[in-house]
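Engineer: One structure is given below, represented as structure tokens, and several questions about it will come after.
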Amino acid sequence: MQIWKGATFQKRKLFLKTLLKYILQNQEEICRVASIDSGKPLVDAAFGEVMVTCEKIAWLIKEGEKHLRPEHRSSGAMMFYKAARVEYHPVGVVGAIVPWNYPFHNVFNPLTAALFAGNGLVIKVSEHASWSSQYYGRIISAALQAVGAPVDLVQIVTGYAEAGNALVTGGVDKVIFVGSTGVGRAVLSAAAHTLTPVVLELGGKDAFIVCDDADLSQASSYPCSLLTNHLCSLQLRLAVPTALRGAFQSCGQNCAGAERFLVQAPVFDRFVDAAVGVARRLRQGPALGDVPVDCGAMCMPGLADKVAHLVEEAVADGAKVLVGGHLVAHESGGQFYAPTVLVNVTPAMRIWREEVFGPVMVIVRFSDDDEAVRLANDCPFGLGSAVFSRSQRRANDIGRRLQAGMTSINDFATTYMCQSLPFGGVKESGFDRFAGIEGLRGLCVPKAVCEDRFPWLMRTDIPPLLQYPVGDAAFPFVCGLISMFYGLSLRDNLSGLCTVIACFLGVGKKASHKKSK
Ligand SMILES: NC(=O)c1ccc[n+]([C@@H]2O[C@H](COP(=O)([O-])OP(=O)(O)OC[C@H]3O[C@@H](n4cnc5c(N)ncnc54)[C@H](O)[C@@H]3O)[C@@H](O)[C@H]2O)c1
């Protein structure tokens, strides 16, 4: 760890380039391994695991150094003769505890940033995705070896809750926990004993808002309503495929997964019809079977039953299943839950508040922007969000009011493809950030440093009348300084200056008199 801490940025970049080269040359194998361990189709693995990881590595190589170099800061009026800066030093050993849903990305995401920041890393992978971690671990060791870095710099461990707990309490310098809200609470509580800082990246239940833009497209006075109608349906054509991917990518097993689709009344039926039309045609089965599929299996034991239970309970309370809504038996013996579209859901239902983490698209109608915001915020989680409107201004107005860590305008989850942006949530989705500039710097100790700006010209010292034992004029002198620098008018500043000069001149003698006694 000590060796890597002193590694140049050039070497850290070389490590990332070595990883990137391997990933690019072995994309298919990496995706296959992720598919076997998580049940997701290859395209979902390429999209959600490999593409974002490559973007992260590319961003770190291009911009990472810039954000970890010492940053000069202003020193303020009174400290004008000082130079101030922040230095970003590695925290030491980062402990990352990750879930099973993206076996490749969940390992490489903390790995790339932690090592680029100069840290060592212990990753506790999920007990449900341990197999693939062995293969990914070998890639990491080979890349470390290739650049002459210590191979034990990264340790991958697996196990149940006890293993995770041992990592939190075992003396790492910072914990990144990615997982469910309930376990996040346990991790935070364990970390409190050792005062270990924790980043919590927890569950989500993203709102996906589709506005109708009716005022524009329906205004009879509008000179070109044909065009606006076309634009409006274009917006829908844009929103529906994105909505479907937001709901069914990786069979809905995404932290930043769209789980609540809020659609404005005038376009509600069209949106629902379009979504149902596609959802009905989705092919489901084993990810690496003989026939191509759109939706794979559920990974975690019991998750499909949990999803089924949530849907059944909602239906019993008045929700309506338009597509799916049932478990699917398959000769492979895998766990499958059919891609589902559900309407007539109300905020009183459990499915509205709890993370489903499955292929269920809940579509709810809203009448105006205020109601959309109210419904979106009526949720314990606040990870991602999306707003669709052909008026970017309107979409941004709604977006600003959403209680979420991330908002994509006219798209879904694109904030994560912009790797300079922080990733994380509010409310029960956690706190602090793991990606972007904030996440990268979060893996460092931001050390404040202050030194003389002109050491060859002036070295600063405590003025004689403030030296112990302090003279009688010390107090008026400090008050004078405060007025001189912070007075709100020129008169106050000058009056402060006069006091300072008077004290300085008058007390010089007194101080030396006292000292000679
Ligand atoms: N916000 C994000 O970035 C993000 C990303 C992916 C998944 N998630 C969330 O993860 C959840 C699904 O993953 P999961 O079921 O694997 O989550 P989980 O919370 O059950 O497990 C996550 C990890 O924590 C470990 N763990 C369990 N108990 C622990 C304890 N007491 N102390 C320390 N570690 C412990 C597990 O072994 C696993 O490695 C969902 O809620 C999803 O939203 C969040």
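The values are calculated or read from the model by the stated rules, or taken from the named source; none is laboratory data. Predicted model only: the values in this text are computed from it and were never measured. When we count neighbours, we look across all protein chains shown, and the Cβ atoms used for this are built from the backbone with ideal geometry, even at glycine. Areas reflect the complete protein model, heavy atoms only, side chains present, ligands, DNA and RNA absent. Shrake-Rupley method; radii C 1.70, N 1.55, O 1.52, S 1.80 Å.
Engineer: If packing is taken as the average number of other Cβ atoms within 10 Å across a peptide's residues, how do 69-75, 321-327 rank, most packed first?
Structural biologist: Working: 69-75: 12.1, 321-327: 18.1.
Ranked by mean Cβ neighbours within 10 Å, highest first: 321-327, 69-75.
Engineer: Which of the peptides 87-95, 468-476, 369-377 is most tightly packed, and how do the rest follow, going by the mean number of other Cβ atoms within 10 Å of each residue? Each step should come with its number before you reach the end.
Structural biologist: Working: 87-95: 20.2, 468-476: 15.4, 369-377: 18.1.
Ranked by mean Cβ neighbours within 10 Å, highest first: 87-95, 369-377, 468-476.
Engineer: Specify which residue in the list PHE47, GLY324, PRO446 is farthest towards the positive end of the charge dipole of the chain, using unit charges on the beta carbon of Lys, Arg (+1) and Asp, Glu (-1), about the Cα centre.
Structural biologist: Going by the charge dipole, the pick is PRO446.
Engineer: Based on alpha-carbon centroids, what's the gap between the range 44-94 and the range 159-192 in Å, whole number please?
Structural biologist: Here the two parts' Cα centres lie 25 Å apart.
Engineer: What's the angle, to the nearest 10 degrees (0 to 90), between helix 265-279's Cα axis and the longest principal axis of the chain?
Structural biologist: 70
Engineer: Using a 1.4 angstrom probe on heavy atoms only, work out the carbon and sulfur share of the accessible area of the chain in %. Before the final figure, lay out each step's value.
Structural biologist: Numbers: 13920 of 23790 Å².
Heavy-atom surface of the chain belonging to carbon and sulfur, 1.4 Å probe: 59 percent.
Engineer: The range 340-368 to the range 288-318: how many Å between their Cα centroids?
Structural biologist: Between the Cα centre of the range 340-368 and that of the range 288-318, the gap is 15 Å.
Engineer: Counting DSSP beta bridges with both partners in the chain, what percentage is antiparallel, nearest 5? Walk me through the numbers on the way to the answer.
Structural biologist: Working: 21 of 58 bridges.
Taking every DSSP beta bridge with both residues in the chain, the antiparallel ones total about 35 percent.
Engineer: In nm, what is the difference between 0.36 nm times the number of residues separating ASP397 and VAL43 and their Cα-Cα distance?
Structural biologist: Values: separation 354, 0.36 × 354 = 127.44 nm, distance 3.41 nm.
Stretched out fully, the ASP397 to VAL43 stretch lengthens by 124.0 nm.
Engineer: Take peptides 429-441, 306-318, 386-398 and line them up by average Cβ neighbours within 10 Å, highest first, as a rough protection proxy. Could the numbers behind the result be given before it?
Structural biologist: Numbers: 429-441: 21.8, 306-318: 17.2, 386-398: 19.8.
Ranking the peptides 429-441, 306-318, 386-398 by packing returns 429-441, 386-398, 306-318.
Engineer: In terms of the Cα gyration tensor, with a ≥ b ≥ c the square roots of its eigenvalues, is the range 206-419 rounded because a/c is under 1.5, prolate because a/b exceeds b/c, or oblate? Can you show the working numbers first?
Structural biologist: Details: a/c = 1.83, a/b = 1.66, b/c = 1.10.
Because a/c hits 1.5 or more and a/b exceeds b/c, the range 206-419 counts as prolate.
Engineer: Too long at a 25 Å Cα-Cα cut-off: which of LYS174/LYS447; LYS62/LYS427; LYS11/LYS174; LYS205/LYS447; LYS82/LYS174; LYS5/LYS40?
Structural biologist: On the way: LYS174/LYS447 16 Å; LYS62/LYS427 33 Å; LYS11/LYS174 23 Å; LYS205/LYS447 36 Å; LYS82/LYS174 32 Å; LYS5/LYS40 37 Å.
Those over the limit are LYS62/LYS427; LYS205/LYS447; LYS82/LYS174; LYS5/LYS40.
Engineer: Applying 1/(1 + (r/R0)^6) with R0 = 41 Å to the Cβ-Cβ distance of THR169 and ASP305, what FRET efficiency is obtained, to the nearest 0.05?
Structural biologist: Working: r = 33 Å, r/R0 = 0.80.
The formula returns an efficiency of 0.80 here.
Engineer: Okay, moving on. How far is helix 130-146 tilted, in degrees, relative to the longest principal axis of the Cα atoms in the chain, given as a value from 0 to 90 rounded to the nearest 10?
Structural biologist: Result, in degrees: 50.
Engineer: What's the extension gain from VAL445 to PHE9 if we count 0.36 nm per residue and subtract their Cα-Cα distance? Mind dumping the intermediate values first?
Structural biologist: Numbers: separation 436, 0.36 × 436 = 156.96 nm, distance 1.71 nm.
Using 0.36 nm per residue and subtracting the Cα-Cα distance, I get 155.3 nm.
Engineer: Determine, from the Cβ-Cβ distance of ARG185 and MET417 and an R0 of 35 Å, the FRET efficiency 1/(1 + (r/R0)^6), rounded to the nearest 0.05.
Structural biologist: Numbers: r = 30 Å, r/R0 = 0.86.
Step by step, r from the Cβ atoms, then E = 0.70.
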